[in-house]
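First comes the structure, then the notes that go with it.
The values are calculated or read from the model by the stated rules, or taken from the named source; none is laboratory data. Because the structure is a prediction, the values reported are computed rather than measured. Here the Cβ positions follow ideal geometry from the backbone for every residue, glycine too, while neighbour counts run over all protein chains shown. What goes into the accessible areas is simple: the full protein's heavy atoms, side chains included, and nothing from ligands, DNA or RNA. Shrake-Rupley method; radii C 1.70, N 1.55, O 1.52, S 1.80 Å.
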Amino acid sequence: MAKIAVIAGDGIGQEVIPEGIRLLSALDGAHGLGLVFEELDLGAERYLRDGTTLPPETMERFRTEFDAIFLGALGDRRVPSNVHAKDILLGCRFQLDLFINLRPIQLLDARRCPLKGKEPADIDMIVFRENTEGLYTGVGGQFKRGTPEEVAIEAELNTRLGVERIIRAAFDYAERHGRSSVCMADKSNAMRHGHDLWQRVFRVVAEEHPSIEAFHLFVDVLAMEMVRAPERFDVIVTNNLFGDIVTDLGAQLQGGIGLAASGNLHPGRVSLFEPVHGSAPDIAGQGIANPLATHLSAGMMLTHLGHPQLEAEIQGAVQRCLQLDQVTRELGGELATSAVTDAVLGHLGLS
Ligand code: NAD
Ligand code: IPM
Ligand code: MN
């Protein structure tokens, strides 16, 4: 049995997550996976109703009762402080110590790539985004708020432990998956404290993995190179904020944000799976959100639960949908959200 906590969340999260559950339930029916879902009423609606973001007892249940968390998106214009997203999404990442934000960038259909002449083999990289520190911890403060002398400090936290474990995870992955290189991206030319730490740790860990080519790029050059020559990249490791930014860039290389999947992992513990995109308030409620990023994230969750073959099958089905233009509007198709899932199920022989 595998127990999955479901947080559909806000906006299109409410539309794509039920599609993901439909896919997972169909696979469960066919393969007897023993998946048990528990839907949690968390997100902007709940926060606006009674002020709840993420109760501490729910966090404790994540730790002790669940194998995985399946999340849609959090973000609602009625909650400008975004406090619920901070407590729920960043809360899970930090408190469950999900230190790896794993974000594959894989082109499944050459026609979807905005770059000229690129084939699926050219765009096949995976980003290890540090997920528990960096500029996301809230360390800092405001002084003389609202006055002309106001000071606002957002401190970047880099610990030796945090930097080392994400870099090690990237090299270990490269070794286990037959990837030939690891690129580390930082801004150590300007940020001489924290990013010097990244430099030193990277060199030490790289030396322990002589069979993997290790190279460094400043993150501005990484952004440029991902567009100029994406075939250079295999495994990329970087900090929390840079990883956020370059994976949205990467999402476009693979065909769009509606195709980008992610896992927030702590190996051996409960982990969280979610599409990279947000709640997309501009299209929410219309039934036109692309569910494929959610389906690919469900695939990553199945690998976490011990079924890598099913992730490969989902990828194959998504690829067929892209090749056959069985896609939503933003990709030039005509299908509604649920019709895309129907097509995926069809390719899996589950309709
Ligand atoms: P977004 O990813 O929600 O949307 C960016 C653009 O991509 C929009 O035009 C949207 O329509 C489109 N898009 C996104 N997902 C799509 C899909 N599945 N199918 C079709 N089109 C899609 O980013 P944003 O507009 O910057 O953020 C909206 C809200 O979501 C904000 O509150 C933000 O903080 C939040 N957000 C949450 C998460 C998360 O929960 N993991 C991630 C990113 C953004
Ligand atoms: C993501 C999102 C989040 C992040 C936001 C919603 C805090 O953009 O998961 O990519 O920056 O990590
Ligand atoms: Mn993001």
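Miscellaneous remarks
- Residue count for region 126-177, restricted to those that are within 22 Å of residue 83 (Cα to Cα) and in a strand (DSSP E or B): 11
- Candidates 16, 79, 6: the one that is within 16 Å of ligand 2 (Cβ to nearest atom) and out of contact with any Ser or Thr (no Cβ under 9 Å at 6 or more places or on another chain) is 79.
- Some residue of region 238-261 being in the same structural domain as residue 162 (by TED's automatic domain parsing) and among the charged types (D, E, K, R): yes
- Residues of region 71-84 classified as open to solvent by 80 Å² or more (accessible area, probe 1.4 Å) and without any contact (Cβ under 8 Å) to a residue 60 or more places away in the chain, total: 3
- Scanning region 119-163 for residues that are surrounded by 17 or more Cβ atoms within 10 Å (Cβ to Cβ) and under 30 Å from residue 332 (Cβ atoms) turns up 122, 123, 124, 125, 126, 127, 129.
Matching residues to (1) open to solvent by 10 Å² or more (accessible area, probe 1.4 Å); (2) assigned to a loop (DSSP other than H, G, I, E, B):
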position: 36; (1), (2): yes, no
position: 41; (1), (2): yes, yes
position: 59; (1), (2): no, no
position: 69; (1), (2): no, no
position: 92; (1), (2): no, no
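- Residue match in region 220-242 (condition: under 14 Å from the mean Cα position of the chain (by Cα) and under 18 Å from residue 315 (Cα atoms)): no
- Exactly one residue out of 50, 87 is surrounded by 19 or more Cβ atoms within 10 Å (Cβ to Cβ) and assigned by TED's automatic domain parsing to the domain that holds residue 1: that is 87.
- Note on region 209-259: residues that are more than 16 Å from ligand 1 (Cβ to nearest atom) and among the hydroxyl-bearing types (Ser, Thr, Tyr) total 2.
- A search for C-beta distances below 8 Å between a residue of region 260-278 that is closer than 18 Å to residue 130 by Cβ and any residue that is surrounded by 24 or more Cβ atoms within 10 Å (Cβ to Cβ) and of a type in the set (Asp, Glu), counting only pairs 6+ apart in sequence or on different chains, returns 262/274; 264/274.
- Residues in region 1-31 that are among the basic types (Lys, Arg) and within 27 Å of residue 87 (Cα to Cα): 3 alone.
- When 129, 160 are checked against the criterion of being among the charged types (D, E, K, R), within 17 Å of residue 242 (Cβ to Cβ) and in the same structural domain as residue 203 (by TED's automatic domain parsing), a single residue qualifies: 129.
- Of all residues in region 58-69, those that are in contact (Cβ under 8 Å) with a residue 12 or more places away in the chain and assigned by TED's automatic domain parsing to the domain that holds residue 304 have Cβ atoms under 9 Å from Cβ atoms of residues that are in a helix (DSSP H, G or I) and open to solvent by 10 Å² or more (accessible area, probe 1.4 Å), 6 or more apart or on another chain, in 59/95; 62/95; 63/95; 67/304; 68/304.
- Strands (runs of 3 or more DSSP E) within region 184-271 that include 2 or more residues surrounded by fewer than 22 Cβ atoms within 10 Å (Cβ to Cβ) and more than 16 Å from ligand 2 (Cβ to nearest atom): 213-218
- Complete set of residues in region 277-295 that are within 15 Å of the chain's Cα centre (by Cα) and either within 26 Å of residue 61 (Cβ to Cβ) or away from ligand 3 (no atom under 16 Å from the Cβ) (or both): 278, 279, 291, 292, 294, 295
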